[in-house]
2 protein chains.
Amino acid sequence: MTFSVTILGSGSAAPAANRHHTAHALNVHEQFYLIDCGEGTQERMRRYGISPMKLKAIFISHLHGDHIFGLPGILSTLNHLGRKTPLPIFGPPPIEEYLDFHHRHFTQYMGYEILCQQVNARENTLIYQNNVLEVTTLPLRHRIPSCGYLFREKTPGWNVDKQAIEKYGLSRAQIVALKRGESVRLTDGTLLESPQVTYIPYQGRSYAYCSDTLYSGKVVRLVHGVDLLYHEATFLDKDKQLAKETGHTTARQAARAALLSESHRLMIGHFSSRYKDENLFLEEACSIFPRTILAREGEMVSIP
Amino acid sequence: MTFSVTILGSGSAAPAANRHHTAHALNVHEQFYLIDCGEGTQERMRRYGISPMKLKAIFISHLHGDHIFGLPGILSTLNHLGRKTPLPIFGPPPIEEYLDFHHRHFTQYMGYEILCQQVNARENTLIYQNNVLEVTTLPLRHRIPSCGYLFREKTPGWNVDKQAIEKYGLSRAQIVALKRGESVRLTDGTLLESPQVTYIPYQGRSYAYCSDTLYSGKVVRLVHGVDLLYHEATFLDKDKQLAKETGHTTARQAARAALLSESHRLMIGHFSSRYKDENLFLEEACSIFPRTILAREGEMVSIP
């Protein structure tokens, strides 16, 4: 059961030679979720073998060009490819106006419906769920309404141990009862209790996406214990004043967020083009939170 | 004195593996003009060593996504790079509304002015000129208001032959007079007439850009004798019905336009992704107009 994220862009707004504008593709059980959509995202999805037709939903953090200018193109491509399935798109204002503008001017015939859901970027709210995933918003602190997203795989229900089924000759009704946590009476009269033979196949995994934002104590509390925390780190700590002025985070601050939130791993990205060597970010973050990795374009990070 | 065009994208709207959305960069005496701006144009400019800071003006043929979705990103990048020079942008409606929408939503501080000039796509009008170039619109026939552009290098004025200057000991005033086409009286009393000693250093060159469009007899007349005709050829002739329905041209029709307009060379592009082998376009066009080349991404076509 896959739970992984592929980095489609790791740069910030200013152009850089080898870093594209932000986009992440989250794979949960082979269903794909796009998080942010900088210019050229569709091309990089193609390059990394992720079909846009597999997208279940799109989550936009905020309406700065480097996070959204690839969206009109991808929506148009889906139409060309013949998508019929409605596509939910989440984002803070003015996402509705943005999608509406493009719909009015660039769509003669639209073969699928866009379900735009404008979110309140100040709240921590459950905005999306299906049988395997739930997504809540994380209020970020940036220059315009911005929100992060916490993706939680649902922990599956109890399974009954296969050997126990055989050993006790359990019927389908008995298995269902045990899965519900009930006890069942065996043919020899003994009572078999659910905890004796059931187990949880795996724990639901989680991925938090926090970009763009200042360091936020509130976010730290909301992402507590997350398996993988993606946190922007646009600047190095020597430029923390600049980070503050522009509503961004330094690598040190991102590491602090990971440490205090007791995240299992930290991935940093959204590097400013003023720094040529990404390893400076890694060194700075690792000095506080050693389980840090860099967001590298084309790389897939799995959560086992 | 350079006069060349670099192909930044040769595909049509539907996505294709190795063809990007349309954009051409015209270099006239090391001043650059961008014609159309599909998604990812700025990245390909960087790849091919064309600095967006060198752009003198942008010409948009029509507001379909595959010709304009790269524009907001490039305008934003120019701001990041610190452009101060105003940038003229030409295009048919609703270019003004498009630029205005992005300005309202994506610009907090704009360091340079965008001089949007919405053109009437039904007219053949001079819309831009400077000391070396003039640009006129070409009315195209597509599903929405669309116009092509004819770029004409200005033919420089008469020069006086250097050997003649020496031979006759011509003064500055006499040279100016001869350049104006006047005759001058030499010290020995003889009359030196302008045509005897003046010449035109080179003939102005021309490039016509026609995409997207049905075959148009009017355009054929307007581009008569052009040095390089770029004409879209989205389809092969076997799909001419489809071309007609979608407002596009076949390779055969593009070649016919080149033949009848007595163009010196033809370049075809905007190939539909349904065809994998571009050589089919070349063969079809060359059977009518042999001096045809394919628009290949990254290639620079010089007009000598």
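The values are calculated or read from the model by the stated rules, or taken from the named source; none is laboratory data. The model shown is predicted, which means the values in this text are computed figures rather than measured ones. Cβ atoms come from the backbone with ideal geometry, glycine included; neighbour counts cover every protein chain shown. The protein model used for the area step is the full one, side chains on, heavy atoms only, and it has no ligands, DNA or RNA in it. Shrake-Rupley method; radii C 1.70, N 1.55, O 1.52, S 1.80 Å.
Here are a few things to note about the model shown:
- Positive end of the dipole of chain A (Cβ unit charges, origin at the Cα centre): among A:G269, A:V219, A:P201, the Cα lying farthest that way belongs to A:P201.
- Evaluated on the protein assembly as shown, the Kirkwood hydrodynamic radius is 27.5 Å, with distances taken between all distinct Cα atoms.
- Rounded is the label for segment A:1-137, because the ratio a/c of its alpha-carbon gyration tensor axes (a ≥ b ≥ c) stays below 1.5.
- Based on C-alpha pairs under 8 angstrom that are at least 6 apart in sequence, segment B:141-219 has a relative contact order of 48 percent.
- Per-residue surface analysis assigns A:E182 an accessible area of about 80 Å², computed on protein heavy atoms at 1.4 Å probe radius.
- Charged-residue dipole, Cβ positions (Lys, Arg, Asp, Glu), segment B:239-296 about Cα centre, Debye nearest 20: 80
- Counting DSSP beta bridges with both ends in segment B:27-147, the antiparallel % (nearest 5): 35
- For the rotational copy pair B/A, the chain B residue whose Cβ lies nearest the symmetry axis, together with its distance in Å, is B:G40, 2.
- Across segment A:1-67, the mean sequence separation of Cα contacts (distance under 8 Å, 6 or more residues apart), normalised by length, yields a relative contact order of 30 percent.
- Solvent-accessible surface (1.4 angstrom probe) belonging to A:R296, in square angstrom, nearest 10: 100
- Ordering B:M45, B:M300, B:M1 by accessible surface, largest first, gives B:M1, B:M300, B:M45; the 1.4 Å probe counts only protein heavy atoms, with every chain in place.
- For the protein assembly as shown, a simple Cβ point-charge model (Lys and Arg +1, Asp and Glu -1, everything else neutral) yields a dipole of about 60 debye relative to the Cα centre.
- Probe 1.4 Å, protein heavy atoms only - accessible area per residue of chain B in square angstrom: 43
- Percentage relative contact order, chain A, counting C-alpha pairs under 8 Å, at least six apart: 17
- Beta bridges by DSSP in the protein assembly as shown, antiparallel share as percent, to the nearest 5: 55
- With both residues required to sit in chain B, DSSP beta bridges show an antiparallel share near 55%.
- Here the mean projected area of the convex hull built on the C-alpha positions of segment B:59-183 is 11.7 nm².
- Shielding score for A:88-99, defined as the mean number of other chain Cβ atoms within 10 Å: 1
- Total buried accessible area between B and A, probe 1.4 Å, nearest 100: 2700 Å².
- Annotation: A:W158 carries an accessible surface of approximately 120 Å², with a 1.4 Å probe and no ligand, DNA or RNA atoms counted.
- Per DSSP, loop trypsin sites (Lys or Arg not before Pro) in segment B:128-204 with at most 12 further Cβ within 10 Å: B:R180
- Heavy-atom accessible area with a 1.4 Å probe sorts A:D227, A:D212, largest first, into A:D227, A:D212.
- Listed residues A:L236, A:L282, A:T292: farthest to the positive end of the dipole of segment A:157-301 (Cβ charges): A:T292
- A label point on A:S287, set 7 Å along the Cα-to-Cβ line, lies at 7.1 nm from each of its counterparts in the other copies, closest listed first.
- Radius of gyration over Kirkwood radius for segment A:48-114, both on Cα atoms: the Rg/Rh ratio is 0.93.
- Coarse-grained scattering of chain B at q = 0.10 Å⁻¹, given as base-10 log I(q)/I(0) from a Debye sum over alpha-carbon atoms: -0.59
- Neighbouring Cβ atoms from other chains, within 10 Å of the Cβ of residues in B:63-73, number 5 on average.
- Among the residues of A:40-49, the average count of other protein chain beta-carbon atoms within 10 Å of the residue beta-carbon is 3.
- Percent of Cα-Cα distances greater than 24 Å, calculated over segment B:175-304: 41
- Rg over Rh [alpha-carbon atoms, Kirkwood Rh] for segment A:114-217: 1.26
- Links that overshoot a 32 Å alpha carbon limit, given the list B:K162/B:K218; A:K238/B:K84; A:K244/A:K276; B:K244/B:K276; A:K56/B:K54; A:K56/B:K240: B:K162/B:K218; A:K56/B:K54; A:K56/B:K240
- Sum of -39500 (n - 2.57) over DSSP H runs of 4+, divided by residues of the protein assembly as shown (222 nm, nearest 500): -7000 deg cm²/dmol
- These residues, A:H80, B:H62, A:H105, go from largest to smallest accessible area, 1.4 Å probe, as A:H80, A:H105, B:H62.
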